[in-house]
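The values are calculated or read from the model by the stated rules, or taken from the named source; none is laboratory data. Quick caveat: nothing in here was measured; it's all calculated off a predicted structure. Positions of Cβ are generated from backbone atoms using ideal geometry, with glycine treated the same way; all protein chains shown enter the neighbour counts. Heavy atoms of the whole protein, side chains included, go into the accessibility calculation; ligands, DNA and RNA do not. Shrake-Rupley method; radii C 1.70, N 1.55, O 1.52, S 1.80 Å.
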Amino acid sequence: MEKTWILVANAHRARCFETDGHGDALKELADFIFPHDSSGHEAQAAGGVADVGKGHGRTGHAGTQFEPHVDANAKERHGFARQLAEFLNTGVATRRCERVAMIATPPMLGELKQCLSQAASKALADCVASDLTLYQGAELKRRIHEALQSSA
């Protein structure tokens, strides 16, 4: 019985389901919510110390060296994508699933693909650019089925 994990994601929420290919049953394995504090900003790193940017170059002089500008939303999305991809990578590596399908917003889909291990990339059966994170129950099941059928 070949198990497929289906990840439904956007930049703020993701849910992973499992199907065994027989019938249309979807079993929810995990629900991920990107952590934000009440102000909408990402929580600080462990230990309460935020990352400090570089101010001095390798030469040790007081010159200025700045990190390239990265949009805060893109940085947050990449961190969340890494977390989700690690979940999928582990599932494939431990043989809890044989196939992976991803249904996500276009930016998140791109981030997820970059973070997949080689084994998980090989197991990737379907990629669909869509946001289904707001749907529940039978409607979610129907939309997942339609999305995966349209990609085939």
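Surface composition of region 89-152: carbon and sulfur make up 50 percent of the accessible area, probe 1.4 Å.
Taken over the Cα atoms of region 87-151, the convex hull encloses 89 Å³ per residue. Between GLU139 and PHE32, the simple spin-label model (points 7 angstrom out along Cα→Cβ) gives 2.5 nm.
A simple spin-label model places the labels of ARG82 and ASP131 2.4 nm from each other, with each point 7 Å out along Cα-to-Cβ. A straight chain from ASN73 to LYS122 at 0.36 nm per residue would run longer than the Cα-Cα distance by 14.8 nm.
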